[in-house]
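J.: The structure that follows is given in the form of structure tokens.
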Amino acid sequence: MTDDDKPPPPISLAVERGKRERDFRQERVDLTKELVEINMAPEQIPAFVQRVMEIEWIIFKSALMLQYHGLDQDAQAVVELAKIMVSKK
């Protein structure tokens, strides 16, 4: 048997999915750093970062939901779905 005859190694679906997922933790760290750099009041930073991250997540999930259901993923559709998700909070 040669190397060409060997089956390829198994693919880890979890690893492949991880490569495509966003790292929201790192985005939170980066945003916090930027706000410190522009001298935002320290007591305002946690709430502001939380709200921005919530909106980021909602927009991210809106696009995925539209794709999952085979619907148009244009910007307006994402925005409208995000508005619905925010208003039901």
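None of the figures in this text is laboratory data; all of them are computed from the coordinates on show. Predicted model, so just to flag it, every value in this text is computed and none were measured. When we count neighbours, we look across all protein chains shown, and the Cβ atoms used for this are built from the backbone with ideal geometry, even at glycine.
J.: Can you pull out the residues in the range 48-71 that are of a type outside the set (A, V, I, L, M, F, W, C) and either exposed (fewer than 11 other Cβ atoms within 10 Å of the Cβ) or closer than 30 Å to residue 36 by Cα (or both)?
T.: Those that are of a type outside the set (A, V, I, L, M, F, W, C) and either exposed (fewer than 11 other Cβ atoms within 10 Å of the Cβ) or closer than 30 Å to residue 36 by Cα (or both): 50, 51, 54, 56, 61, 62, 68, 69, 70.
J.: Within the range 72-82, track down each residue that is among the polar types (S, T, N, Q) and surrounded by 12 or more Cβ atoms within 10 Å (Cβ to Cβ).
T.: If the condition is that a residue be among the polar types (S, T, N, Q) and surrounded by 12 or more Cβ atoms within 10 Å (Cβ to Cβ), then 73 is the only one that fits.
J.: Let me ask you something else. Mind checking which residues of the range 17-47 are surrounded by 10 or more Cβ atoms within 10 Å (Cβ to Cβ) and within 17 Å of the chain's Cα centre (by Cα)?
T.: Across the range 17-47, the qualifying residues are 18, 22, 23, 24, 27, 28, 29, 30, 31, 32.
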